[in-house]
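The values are calculated or read from the model by the stated rules, or taken from the named source; none is laboratory data. All figures in this text were calculated on a predicted structure; none of them were measured in a lab. Quick reminder, even Gly has a Cβ in these numbers, built from the backbone with ideal geometry, and neighbours come from all protein chains shown.
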Amino acid sequence: MKNSDKDKQLQFSYTTLAGSKQVTGQIAAANREAAITALHQQNIKPLSVHEVKAGKGLLARSLGGGKVKNRDLVIFTRELSTMVSAGVPLPRALGTLGDQSENKYFQEVIRGIDHQIESGAPLSDAMAKYPKVFSEVYINMVAAGEAGGILDDILKRLATQVEKDETIHKKIKAAMAYPIVILTITILAFFGIMIFILPKIAKIIKDLAGPNAQLPVYTRVLLKISTFVQHDFIFIFVALAAAVWSFKHYIGTEHGKYVWHGFLLRVPIFGPVVAKIVVARFSRTFASLMGSGVSILEALEVTGKAVGNKVIQKELADIAANVKNGQPLGKQLMEAPFFPPIVGQMMSVGEETGKIDQVLVKVADFYEEEVDTVIDSLASIIEPVMIIVLGAIVGVIAASVMGPIANLSKQISG
């Protein structure tokens, strides 16, 4: 019931003076009077208070104001880490960062988080209210920092991780740029041939060979595809749009997300990259928690949520259950399907020496270097594959069209 009442609260924007400077912010309350009372309780004297209409926020988002770039997120994370390390209270740190941000939407987000923290909410819960800004991995990493009392250290790692994720994303985009261009040209050329060129060639073939001509099977198939594309062009695009929407909706569910994450781990070429990223993330987060004195079971639970893969999360939950029953963690990781044996072996060494955190940091360094190496080689792997696919498509179309014409030419000349 409490959550239901909270959901019904309205958002109010207020303006107040901070020294000689006017500062704006937002607060959630049941009505304007309650908002003013809540501000006075926080020793804030508002100059003006007015309700934020939902349509205004939607308009800002539709105009692109509802986006936060990775660069802004990295700067925010690093500065927040520095301020927390220096002992600055979290509300004051967030207030300062909210004023400094050049992104107006991000300013609203930071101030919203600040107000929730002043109301007693944990930082991770406050950030969870903005899933389009802070990813699930980010939020769970912050929760791990709060649980282990190492929020400043986790924030430093998060800033590095966001930078690494952005670097990986850029490298993948660069590696995929050429194949995507080739694939796009191929698709456009295919539809262009099916709609404009093949019907004319089909007419020529029928005029030369007659309506009862026996054409090769692959030629007949291609002509039927051409006819279908011509008459059901709109239907194809509607079907594709519906398929994309259904796919996004499905992977948004818990079961769909689990299936999708499992597919990402198994897909050729990209699967090993995803697995290495997850292993590196697991190693760094788990090492940080163990180094701060968090118990193994709690570290496994928090790290499972932070790795960003539901399949690995379930795997870690199963491992935690076995560890609770007295099984060594290193042995469990060696038997886990998606963890390389070296991780379990290194974990066993860490358990024997009492230096799990130090050992896992080295594992994380190793796999992050592996990820960089694999991504750098993606272009050299994907480009030949795309060329082969393109060549196969061109070859099939050429054989289907030119073959019958060549045969007919021989018959006419004979």
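Only one of (1) part of a helix (DSSP H, G or I); (2) out of contact with any Leu (no Cβ under 6 Å at 6 or more places or on another chain); (3) surrounded by 14 or more Cβ atoms within 10 Å (Cβ to Cβ); (4) in contact (Cβ under 8 Å) with a residue 24 or more places away in the chain is not met by residue 155, so which one is it? Only one criterion in (1) part of a helix (DSSP H, G or I); (2) out of contact with any Leu (no Cβ under 6 Å at 6 or more places or on another chain); (3) surrounded by 14 or more Cβ atoms within 10 Å (Cβ to Cβ); (4) in contact (Cβ under 8 Å) with a residue 24 or more places away in the chain is unmet by residue 155, namely (2). Looking at the stretch 303-321 only, could you name the residues that are loosely packed, with under 15 Cβ neighbours inside 10 Å and not acidic (Asp, Glu)? Correct list: 314, 317, 321. In the stretch 73-98, the residue that is farthest from residue 27 (Cα to Cα) out of those that are assigned to a loop (DSSP other than H, G, I, E, B) and not β-branched (Val, Ile, Thr) is 86. Against the numbered list (1) modelled with pLDDT under 80; (2) part of a loop (DSSP other than H, G, I, E, B); (3) surrounded by fewer than 11 Cβ atoms within 10 Å (Cβ to Cβ), residue 66 comes up short only at (3). Among the residues making up the stretch 120-146, a single one is surrounded by fewer than 22 Cβ atoms within 10 Å (Cβ to Cβ), touching a residue at least 60 places away in the same chain (Cβ under 8 Å) and over 15 Å from the mean Cα position of the chain (by Cα): 143. The number of residues in the stretch 215-260 that are touching a residue at least 24 places away in the same chain (Cβ under 8 Å) and either of a type in the set (D, E, K, R) or outside any helix (DSSP H, G or I) (or both) comes to 4.
Applying a threshold of 8 Å to beta carbon distances and a minimum spacing of six or more residues, or different chains, the list of pairs starting in the stretch 364-389 at a residue that is on the phi > 0 side of the Ramachandran plot and assigned by TED's automatic domain parsing to the domain that holds residue 280 and ending at one that is surrounded by 15 or more Cβ atoms within 10 Å (Cβ to Cβ) and of a type in the set (D, E, K, R) is empty.
Starting from residues that are of a type in the set (Ser, Thr, Tyr) and touching a Gly at 6+ places or on another chain (Cβ under 8 Å), keep the ones in the stretch 266-293 and report whichever is surrounded by the fewest Cβ atoms within 10 Å (Cβ to Cβ).
Narrowing the stretch 266-293 to residues of a type in the set (Ser, Thr, Tyr): 283, 285, 288, 292.
Still in the list and also touching a Gly at 6+ places or on another chain (Cβ under 8 Å): 288, 292.
On the way: 288: 25, 292: 17.
My answer is 292.
Out of all the residues in the stretch 297-312, which are modelled with pLDDT under 85, within 21 Å of residue 362 (Cα to Cα) and assigned to a helix (DSSP H, G or I)? If the condition is that a residue be modelled with pLDDT under 85, within 21 Å of residue 362 (Cα to Cα) and assigned to a helix (DSSP H, G or I), then 299, 302, 303, 306 are the ones that fit.
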